[in-house]
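Bear in mind that the values in this text are calculations on the coordinates, not laboratory data. In this text, all values refer to a predicted model and were calculated from it rather than measured experimentally.
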Amino acid sequence: MSELILALISAALINNLILHQGLAIDPALHYPVDQERRRLHALGLATLVVLVLATNLGQLLYHFLLLPLQLDYLRLFVLLPLAALLIAPVLGLLSRALPSLPFAGLMPLLLGNVALLGLSLQVSEAGYGVVQTLAWSLGGGLGFWLVMALFADLRRRTDNDAVPLAFRGLPVELIGAGVMALAFFGFNGLFTS
């Protein structure tokens with residue numbers, strides 16, 4: 001059980017998909033300032049669910065289909081369509097289950113999210129079991145959601161006249177991302193074996 005919790009916290013904070021690995025930075029930097037918080041949480045929840053499903057189903061396909069047939073070199077061509085095919089049904093289910101959150105229009109952001117494929121490839125390369133894969137995918141999705149919320153707060157706080165004109169927009173966001181990455185890097189020595 002402690003290995004599960006350690007993998008979950010490590011994926012969410014220490015090996016964050018946006019700040020540490022740079023896999024899902026595109027949705028974080030291109031998310032407009034004027035978007036409402038409910039849309040941000042809809043994106044976070046949809047990414048979490050698709051990430052958990054794509055990573056775990058991809059791991060099952062890799063271990064029970066590709067490895068026995070000695071086709072492990074084709075994992076990219078199996079994991080990429082799997083992640084893309086899961087997005088539309090998940091968005092449909094989430095919009096029916098949670099009608100208060102605006103899931104419409106999230107398809108392009110999820111299709112362009114490299115974290116879906118990147119985490120699946122990392123997990124299959126590392127050879128994790130089912131429980132560790134679940135923990136890494138759940139932690140990765142929660143970490144993505146946390147950083148997206150932090151970026152939205154950063155954008156809201158820096159969208160004023162106190163920030164010099166040359167630093168407004170992307171420059172201050174990149175500086176903020178670097179400071180956040182350093183802060184998350186501080187969690188690195190939190191757990192020792």
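For the reader, a short list of remarks on this structure follows.
- Two tests apply to each whole DSSP H helix in the chain, Cα reach of 24 Å or more along its axis and mean Kyte-Doolittle hydropathy of at least 0.0, and the ones passing both are 37-61, 75-97, 130-158.
- Taking Asn160, Asn16, Asn56 as the candidate residues, the one with maximal mean-square fluctuation in a Gaussian network model of the chain, Cα springs under 10 Å, is Asn160.
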